[in-house]
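Rule-based calculations on the coordinates, nothing more; no lab input. Small disclaimer: the values here were computed from a predicted structure and weren't measured. Please note: Cβ atoms are built from the backbone with ideal geometry, for glycine as well, and neighbour counts cover all protein chains shown.
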């Protein structure tokens, strides 16, 4: 007896591509908090049908990145500073554990990661800056030898990425972050577990305070972009 399955209207890969394109735009600020998202406009800009856009928006709504709008369409969800600070608390704890374990293994972070991070910080490419930061922390997670650390951090990564995007657009201390990263990497390579753990925890706490200060002072104005980034 054959099972009765519903016809799939769009391939999961296409829905994922639309989801990631919209999430990139939200994280990088092209779609600002409060911006209205219309299915028809997005479908036209991405050259896809409305169906994958609708499915992607449903996923974004479930994940807390968009909200239902009065009338038609949805709005980009506002940045909840309190919620983001709670996420950073969890991330700081995970980072501290990962750094301590990586230091016990005397792991050496590839110097190219630091160089690439500094180059990204000097650019105006927010996406590249976020990618470099993720690669640095990901290297420490991998070096910890505990796969649950990376899995746990990944649960809220997209929200952290969005907060990071907002901060990087407003902050003038981008390269300072990589000074801290290099100091953390040196402590890990030296096998100084206590220092590595302390430094990365302070790094996360500083990021949380900067986030709160920058976002609390910003009005988060809403605007509708003319086009999504390619």
Seminar exercise, completed: For 42-49, 93-100, 133-140, ranked highest to lowest by mean beta-carbon neighbours within 10 Å, the order is 93-100, 133-140, 42-49
For this session: Could you work out how far apart the two model spin labels at residue 205 and residue 152 are, taking each label as a point 7 Å from the Cα in the direction of the beta carbon, and quote it in nm?
Result: 1.9
Problem set entry | Per-q log10 I(q)/I(0), the range 107-213, q = 0.19 Å⁻¹ (Debye; single scatterer per alpha-carbon; no solvent) | -1.04
For this session: Report the semi-axes of the equivalent ellipsoid for the chain in whole Å, largest first, where each axis is √(5λ) for an eigenvalue λ of the Cα gyration tensor.
Result: 35, 22, 16
Exercise. Is it possible to state the helix-based mean residue ellipticity at 222 nm for the chain, with each DSSP H run of 4+ residues giving -39500 (n - 2.57), the sum divided by total residues, to the nearest 500 deg cm²/dmol? What is it?
Worked result: -22000 deg cm²/dmol
For this session: Please work out whether the range 12-76 counts as rounded, prolate or oblate from its C-alpha gyration tensor, where a ≥ b ≥ c are the square roots of the eigenvalues and a/c under 1.5 means rounded, while otherwise a/b larger than b/c means prolate and anything else oblate?
Result: rounded
For this session: Treat each spin label as a single point 7 Å out from the Cα along the C-beta direction, and report the residue 115 to residue 169 distance in nm.
Result: 3.2
Problem set entry | FRET efficiency, residue 216 to residue 142 (Cβ-Cβ, R0 25 Å, nearest 0.05) | 0.15
